[in-house]
Every structure is written in C-alpha cells, then in structure tokens.
Amino acid sequence: MRRVLLSVLGFLTLVLAFGGTVWADTVDDPLHGFCNGTGTGTCSDNTTNTPLGNSTTFGFSISPGPQTGDLLLDILVPNNYTLPASFAITGTQGGLLNDQSISTTATLVSNTAWTSGTLATYLGITASPTNPIGAYLPTASALDPGATGFYVFQADTGTSKIWDNANEANGPTFTMVNGLGAGGYIIGFCSTGCSSPYVATANSGALVVTPEPSSLAMLCAGLLALAALASRSSLTA
C-alpha cells in the first residue's frame with residue numbers, strides 16, 4: 001500500500017512540476033495572416049500588424065499545423081465608414097481540396113461598434129489571444145484619422161485544413177475583400193476542431209488594409225512636387 005501511495009504521489013509531483021500538462025490539451029500558437037502582395041514591408045509581420053498593400057489574395061496559417069477546424073473570418077471596419085450591408089467572401093481550399101471553392105458572406109455582428117476592451121469580449125467568446133483594441137486602433141487611426149473604433153463583420157468559411165507557416169499556401173486562400181478601405185483589418189479564428197475554444201490571430205499577424213506601395217510612391221512624389229512648387233513661389237514673390 002505504501003508503495004502505491006508513493007507512486008501516486010510521485011506521479012502527482014511530476015504533473016505539478018510540468019504545470020499539469022499531462023492532462024491539458026495542446027495550446028496552439030495563434031493564427032498568422034499571409035498574402036501575395038509585393039513591395040517593402042507588404043505581407044511581412046512588422047511586430048504591429050501585417051500590411052496587405054497591393055495583395056489580391058490572403059489566408060491564415062496555424063502552428064502547430066496542419067489543424068482542421070471551423071475557420072471564421074472577422075472583418076474590422078473603421079467606424080466612420082459608410083457601412084455596406086455585407087462583404088462577399090470567396091476563395092478556394094488548398095492542397096488536396098484545391099478544387100473546392102469557398103463562397104460565403106460576412107455579416108454585421110452588432111450595430112454597436114467595438115470601441116474598447118478586447119475583441120473576444122466584444123464577440124462574447126473565449127479566445128487566445130484576446131485581441132485588445134489597442135493593438136489595432138492606433139494604426140487604423142493613423143490611416144483613417146476619423147476612426148475611433150470598428151464595426152465587426154463575420155463570415156463562417158466552414159471546416160478547413162489550416163497549415164503551418166512553412167506550408168501556408170496548402171490551406172484555404174481567399175480573394176481580397178472588395179470595399180474594405182485603409183485602416184480595415186481581416187482577422188481569423190479557428191473554432192470547432194482546434195484544441196482551444198477559439199484560436200485567434202496574433203495581433204501582429206492581423207492583416208491590415210494599407211495603401212498600395214505604388215500609390216504611396218505616387219503620393220510622396222506629388223507631395224514633393226507641391227513642396228517644390230511652393231518653395232519656388234515664395235522665392236519669386
């Protein structure tokens with residue numbers, strides 16, 4: 001009997017030493033967005049977000065992968081926009097399911113905008129990470145000074161096989177969402193099927209709509225030309 005008790009105590013000590021992970025589910029790293037744009041900084045995690053730039057397609061990876069679960073897309077729309085009724089979401093499954101198309105609609109979650117706290121709380125879900133608004137609003141406000149929060153649209157794209165970062169293109173790939181302007185975000189969630197209740201997107205892996213690199217270059221050139229013209233005018237005045 002004493003040997004049995006010692007064995008049980010030893011096992012419990014081992015469990016506690018590893019934080020109870022003997023029984024716990026594997027906790028996934030967050031989702032990360034990927035896209036096909038070109039230009040400096042485009043589609044690169046800059047530790048704040050991942051700029052879409054001139055991308056025409058996007059998707060999400062997961063680690064460890066692949067994982068099969070219900071993939072939700074949340075579209076964050078700056079709250080000073082004129083809201084559309086919905087957003088069309090189209091794409092294709094990757095890998096062995098590449099011939100299967102995806103077609104669904106992102107609809108408005110609430111008539112009340114998300115202006116504080118976390119996205120998880122706003123949506124009424126348990127997710128990791130929780131996505132605080134402070135991870136998104138400063139960038140959105142810089143691109144769209146009138147924004148003080150976001151309206152949230154959500155689409156259920158169905159059961160998908162989401163791949164790891166190195167093989168991200170094997171997973172579902174979506175066509176860029178029409179009508180989403182600068183300062184808007186696209187965030188993914190893996191719900192049913194993933195090991196956590198909701199595996200959310202890393203804050204820096206969230207896809208943010210930014211001006212295309214070529215548009216930025218043209219804007220800078222135009223501003224420089226205006227500055228030069230103003231300088232000349234002041235000299236001849």
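The values are calculated or read from the model by the stated rules, or taken from the named source; none is laboratory data. It should be emphasised that the depicted structure is a prediction, and the values quoted were computed from it without experimental measurement. Please note: Cβ atoms are built from the backbone with ideal geometry, for glycine as well, and neighbour counts cover all protein chains shown.
Tabulated results
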quantity	calculated
Verdict on Thr42 being modelled with pLDDT of 95 or more, touching a Pro at 6+ places or on another chain (Cβ under 8 Å) and either among the hydrophobic types (A, V, I, L, M, F, W, C) or surrounded by 10 or more Cβ atoms within 10 Å (Cβ to Cβ) (or both)	yes
Any hit, segment 132-144, residues being assigned to a loop (DSSP other than H, G, I, E, B), touching a residue at least 40 places away in the same chain (Cβ under 8 Å) and within 21 Å of Cys194 (Cα to Cα)	no
Qualifying residue in segment 157-176 (condition: in a loop (DSSP other than H, G, I, E, B) and closer than 18 Å to Val109 by Cβ)	no
Criterion violated by Thr92 - all others in (1) within 16 Å of the chain's Cα centre (by Cα); (2) surrounded by 15 or more Cβ atoms within 10 Å (Cβ to Cβ) satisfied	(1)
Residue within segment 13-36 that is surrounded by 19 or more Cβ atoms within 10 Å (Cβ to Cβ), at pLDDT 95 or above and over 27 Å from Tyr198 (Cα atoms) present	no
Qualifying residues in segment 98-110 (those that are part of a loop (DSSP other than H, G, I, E, B) and of a type outside the set (Gly, Ala, Ser)) - the one modelled with the lowest pLDDT	Asn98
Sole residue being modelled with pLDDT under 95, surrounded by fewer than 10 Cβ atoms within 10 Å (Cβ to Cβ), more than 21 Å from Tyr198 (Cα to Cα) and of a type in the set (A, V, I, L, M), chosen from Leu83, Leu9, Leu5	Leu5
Any hit, segment 45-53, residues being surrounded by fewer than 16 Cβ atoms within 10 Å (Cβ to Cβ), without any contact (Cβ under 8 Å) to a residue 60 or more places away in the chain and closer than 21 Å to Tyr151 by Cα	no
Qualifying residue in segment 172-181 (condition: over 16 Å from Thr57 (Cβ atoms) and either of a type in the set (Phe, Trp, Tyr) or surrounded by 15 or more Cβ atoms within 10 Å (Cβ to Cβ) (or both))	no
Tabulated pairs, segment 177-201, first closer than 18 Å to Ala140 by Cα and in contact (Cβ under 8 Å) with a residue 40 or more places away in the chain, second in a loop (DSSP other than H, G, I, E, B) and of a type in the set (Val, Ile, Thr), C-beta under 7 angstrom, 6+ apart or interchain	Leu180/Val209; Gly181/Val209; Gly183/Val209; Gly184/Val209; Ile186/Val177
Matching residues in segment 128-145 - criterion: being within 25 Å of Ala88 (Cα to Cα) and either of a type outside the set (S, T, N, Q) or touching a Phe, Trp or Tyr at 6+ places or on another chain (Cβ under 6 Å) (or both)	Ile133, Tyr136, Leu137, Ala140, Leu143, Asp144
Verdict on Thr90 being modelled with pLDDT of 95 or more, hydroxyl-bearing (Ser, Thr, Tyr) and out of contact with any strand residue (DSSP E or B) (no Cβ under 7 Å at 6 or more places or on another chain)	no
